[in-house]
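A.B. asks: I have a structure here, written as structure tokens, and I will follow up with some questions on it.
The values are calculated or read from the model by the stated rules, or taken from the named source; none is laboratory data. This is a predicted model, so every value here is computed, not measured. Don't worry about glycine lacking a Cβ; one is built from the backbone with ideal geometry, like all the others, and counts go over all protein chains shown.
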Amino acid sequence: MPDRWRAWLAEAGHALVLQGSPLYPERLAAIPDPPPALWVDGQNPALLSEPQLAIVGSRHASRNGEITAESFALEIGRLGLVITSGLAAGIDAAGHRGALDGGGHTIAVTGSGIDCIYPSRNRALADAIRARGLVVSEYPPGHPVRAFQFPLRNRIIAGLSLGTLVVEATRRSGSLITARLAAEYGREVFAVPGSIHHAQSKGCHKLLRDGAKLVENIDDILIEIAPQLAIVAAGGNRDHRGATATSLPAPLANVLDYSPIGFDALVAATGLTAAELSSMLLHLEIQGTIEALPGGRYCRLAERAG
């Protein structure tokens with residue numbers, strides 16, 4: 001191993017995760033051409049195996065597109081999913097920022113050497129990601145930036161994630177490569193529609209015609225990935241923070257019990273909006289923490305023994 005690589009690995013927060021090691025994510029290992037190793041910069045390499053949603057799109061996104069990506073990332077990150085993207089300008093950067101703003105975790109997969117942030121204007125964002133997530137590359141320290149590497153890194157983004165959400169994209173956007181790969185890997189593909197007159201909507205509309213799920217709110221995403229989230233929860237019965245799956249978020253902790261209670265009563269008792277409560281209840285139902293009953297009522301499920 002070159003001295004430059006050894007010096008980089010000797011620094012705190014740096015790691016090399018080899019395929020076949022316990023830290024190498026199973027979802028990524030399952031794709032046809034997984035990278036033999038991942039260079040990882042961040043405090044918790046175990047995030048690689050946490051449930052993830054990729055948010056990708058145009059480098060030349062509109063401000064509305066960036067706001068949409070930030071909003072989805074913030075809400076989904078608060079529910080416990082890691083937001084994964086490519087650290088590019090536009091939608092990628094907006095997805096990372098949204099996850100961080102919501103107190104969630106995010107993974108940036110770069111197409112350059114692990115010690116080279118591209119574009120350079122995202123260096124401050126990369127620093128923030130390292131503090132609450134990971135910067136990841138299949139390329140070692142000192143590896144130069146080459147254009148063909150960026151489409152290749154898209155297979156890692158798609159491979160790490162349960163699904164890929166495309167917010168804005170032209171017909172030739174690289175994010176369509178990520179979406180195509182996600183579909184080939186058997187992962188979910190989501191797209192946000194836009195104006196028929198907007199070039200940045202053409203790629204999303206193509207995905208929708210090809211079978212992607214139309215997304216207007218986070219419930220559209222959670223419903224589709226619920227079976228995969230249930231498998232993840234069953235495997236360890238823990239969320240990404242290490243709490244048991246039967247713990248309730250603060251707004252519901254003293255309200256939702258083992259006796260059924262109606263949705264309207266929960267809105268009144270928690271002070272949450274109907275949309276906020278609906279998303280929270282759906283996430284808890286996916287986790288197996290609560291049960292939805294006829295008549296719009298909900299109750300907690302007893303904690304499993306063992």
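A.B. asks: Every residue in region 34-57 that is modelled with pLDDT under 95 and farther than 14 Å from Leu160 by Cβ, please.
C.D. replies: Gln43, Asn44
A.B. asks: Could you say whether any residue in region 164-173 is among the acidic types (Asp, Glu) and surrounded by fewer than 18 Cβ atoms within 10 Å (Cβ to Cβ)?
C.D. replies: Filtering region 164-173 for residues among the acidic types (Asp, Glu) gives 168.
Retained after the next criterion (residues that are surrounded by fewer than 18 Cβ atoms within 10 Å (Cβ to Cβ)): none.
No, because not a single residue in region 164-173 is among the acidic types (Asp, Glu) and surrounded by fewer than 18 Cβ atoms within 10 Å (Cβ to Cβ).
A.B. asks: In the same structural domain as Val135 (by TED's automatic domain parsing) and crowded, with 23+ Cβ neighbours inside 10 Å: is that true of Glu70 in this structure? Step through it out loud before you land on a result.
C.D. replies: Values: in the same structural domain as Val135 (by TED's automatic domain parsing): yes; crowded, with 23+ Cβ neighbours inside 10 Å: yes.
Judged against the criteria, Glu70 is a match.
A.B. asks: Quick one: which helices (runs of 4 or more DSSP H) lie wholly within region 90-205 and hold at least 1 residues that are closer than 24 Å to Gly80 by Cα, in contact with a Phe, Trp or Tyr (Cβ under 9 Å, 6 or more places away or on another chain) and in the same structural domain as Ile55 (by TED's automatic domain parsing)? Spell out how you get there, then give the answer.
C.D. replies: Working: elements: 91-101, 123-132, 149-160, 175-184.
Hits in region 90-205: 91-101, 149-160, 175-184.
A.B. asks: Hey, another quick one. Please work out which one of (1) under 25 Å from Ile67 (Cα atoms); (2) crowded, with 18+ Cβ neighbours inside 10 Å is the condition Arg123 fails and give its number.
C.D. replies: Result: Arg123 passes all but (2).
A.B. asks: Return the only residue of Gly86, Gly111, Gly104, Gly13 being on the phi > 0 side of the Ramachandran plot and either touching a residue at least 40 places away in the same chain (Cβ under 8 Å) or among the small types (Gly, Ala, Ser) (or both). Please lay out each step first, then the result.
C.D. replies: Numbers: Gly86 fails: on the phi > 0 side of the Ramachandran plot; Gly111 fails: on the phi > 0 side of the Ramachandran plot; Gly104 fails: on the phi > 0 side of the Ramachandran plot.
Matching residue, one of Gly86, Gly111, Gly104, Gly13: Gly13.
A.B. asks: Does Gly42 qualify as being in the same structural domain as Thr170 (by TED's automatic domain parsing), touching an Asp or Glu at 6+ places or on another chain (Cβ under 6 Å) and either within 23 Å of Ile76 (Cβ to Cβ) or among the β-branched types (Val, Ile, Thr) (or both)? Step through it out loud before you land on a result.
C.D. replies: Working: in the same structural domain as Thr170 (by TED's automatic domain parsing): yes; touching an Asp or Glu at 6+ places or on another chain (Cβ under 6 Å): no; either within 23 Å of Ile76 (Cβ to Cβ) or among the β-branched types (Val, Ile, Thr) (or both): yes.
When the stated conditions are applied, Gly42 does not pass them.
A.B. asks: While we're on this one: Against the definition (small (Gly, Ala, Ser) and in contact (Cβ under 8 Å) with a residue 40 or more places away in the chain), how does Gly133 come out, yes or no?
C.D. replies: Values: small (Gly, Ala, Ser): yes; in contact (Cβ under 8 Å) with a residue 40 or more places away in the chain: yes.
For Gly133, the condition - small (Gly, Ala, Ser) and in contact (Cβ under 8 Å) with a residue 40 or more places away in the chain - is met.
A.B. asks: Take the residues in region 191-211 that are aliphatic (A, V, I, L, M) and touching a Cys at 6+ places or on another chain (Cβ under 8 Å); name whichever of them is surrounded by the most Cβ atoms within 10 Å (Cβ to Cβ).
C.D. replies: Residues of region 191-211 aliphatic (A, V, I, L, M): 191-192, 196, 199, 207-208.
Add one more test, that the residue is touching a Cys at 6+ places or on another chain (Cβ under 8 Å), and what stays is 191-192.
Values: Ala191: 29, Val192: 25.
Of everything passing the filter in region 191-211, Ala191 is surrounded by the most Cβ atoms within 10 Å (Cβ to Cβ).
A.B. asks: Sticking with this one: Among the residues of region 155-172, are any farther than 21 Å from Gly65 by Cβ, at pLDDT 95 or above and basic (Lys, Arg)?
C.D. replies: yes
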